[in-house]
1. Mind checking the angle between helix A:109-131 and chain A's longest principal axis? C-alpha axes, 0 to 90 degrees, to the nearest 10.
2. Quick one: label points 7 angstrom along Cα→Cβ at A:GLU152, distances to the other copies in nm, smallest first?
3. Counting only residues 5 or more places away or on other chains, whose amide H sits under 5 Å from the amide H of B:ARG103 once H atoms are built in the peptide plane?
4. Treating the point 7 Å from Cα along Cα-beta-carbon as the label, what are the nm separations from B:GLN93 to the other copies, to one decimal?
5. In segment A:34-74, whose amide N lies under 15 Å from the spot 7 Å out along Cα-to-Cβ of A:GLU152? List them in ranges.
6. For A:VAL64 and A:SER77, calculate 0.36 nm times their separation in residues minus their Cα-Cα distance, and state this gained length in nm to one decimal.
7. Taking loop as defined by DSSP and a crowding limit of 12 other beta carbons within 10 Å, which trypsin sites (Lys or Arg not before Pro) in segment A:75-122 fit?
8. Work out Dmax and Rg for segment A:17-158 from the C-alpha atoms and quote the Rg first, both in angstrom.
2 protein chains.
Amino acid sequence: MTDADPIKTPLTLDDGVDFAIIEHLFFAYRDFTADPDAILDEYGFGRAHHRVLHFVNRLPGLTVAELLEVLRITKQSLARVLKQLIDDGYIVQVPGPRDRRQRELYPTQKGRDLALALALPQSRRIRAALEEAEPGDSAAVERFLRAMVNPELRAQMDKLPNGRSK
Amino acid sequence: MTDADPIKTPLTLDDGVDFAIIEHLFFAYRDFTADPDAILDEYGFGRAHHRVLHFVNRLPGLTVAELLEVLRITKQSLARVLKQLIDDGYIVQVPGPRDRRQRELYPTQKGRDLALALALPQSRRIRAALEEAEPGDSAAVERFLRAMVNPELRAQMDKLPNGRSK
DNA sequence: AAATTATGTCAATAAGGCTGACATAATTTC
DNA sequence: GAAATTATGTCAGCCTTATTGACATAATTT
């Protein structure tokens, strides 16, 4: 019955696995999402609403199909969340100019304000983390995180406005 | 009704928020967790099982209370997941030597093997990401991720074995 | 006119969280 | 030794976010 015996030694770096970064990512992401989660609670929203609101603000006018592509969830999962955001006046739908079947999604001022309020504590946390860092660390972190994404999905990231838009 | 009007300009860096790193973290973490998720599916397990199995392997002998502390979930949430892992022979409980009320949690060989199998694709992804990086980037990334964690929770991270154990 | 497409909606299911209440056994305190 | 506290387990019920499958509607394309 040696297979049912307890193993008393911990998994360590010996095992050829980079547990340091694996665990750092876990803890960092947990606290990173805790900031907006607390705000969302007050509105009766969850993390799903945050993601929708975020991308509608970053890519105003995107269609439902495009949003599903970015979020990688199903239409039915999106439906409830999107409906709430529309009913509560955070997002509006506008019929597509060329194809009137499409619904272009735009934030309202209320939706813009909330998106910004949710991003602010996250941005503050990032800025604080970079204050203790060496110059160049910011670029290194961004390069690393980008390289962690599946190559075929990096194109999606490039569609997001990165420069200072006029 | 200007508040219900669609806003057509995107949120950008102008708004004083570091969207680049916010979004990079989102996409990176999504793909980072997709690797083990696919494996867990085959076992009928979810992400919750992964987290339990991971920390039991990294801190063998920890008690239920300590595990709850690390995971920051409730006893009832842990119960279901832990029970499955024990019933299926991935984890065993051993009565605490000093306090026999406590249940020390240890992985079995089967549990050790699965924990390692789940960590491997994540480690491979990290290694691949760092291959394109400059020397020193790895340390910069680790510093950054650590600084992203709430200060009072960093002590928890220090309890994890980091060196090469003898 | 027929087929396809974009979207919306209904019903059912599942995972993984939560709270509250209660049970048991072991330890600590008085 | 009795009482209080602690560590754990378990039951019942609820919520959110996701899933799949099926079907409806309107608009566009063929």
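Read-outs: derived from the displayed coordinates by stated rules, not from any lab. Because the structure is a prediction, the values reported are computed rather than measured. In this analysis, Cβ positions are derived from the backbone assuming ideal geometry, glycine residues included, and neighbour counts consider all displayed protein chains.
1. 30 degrees
2. Spacings between copies for this position, smallest first, are 4.5 nm.
3. Close amide H contacts, sequence-distant or interchain: B:VAL64, B:GLY96.
4. Computed spacing set for this position: 5.0 nm.
5. Under cut-off, by backbone N: A:69-70, A:72.
6. 3.5 nm
7. The qualifying sites are A:ARG98, A:ARG100, A:ARG101.
8. For segment A:17-158, the Cα radius of gyration and maximum Cα-Cα distance read 17.1, 52 Å.
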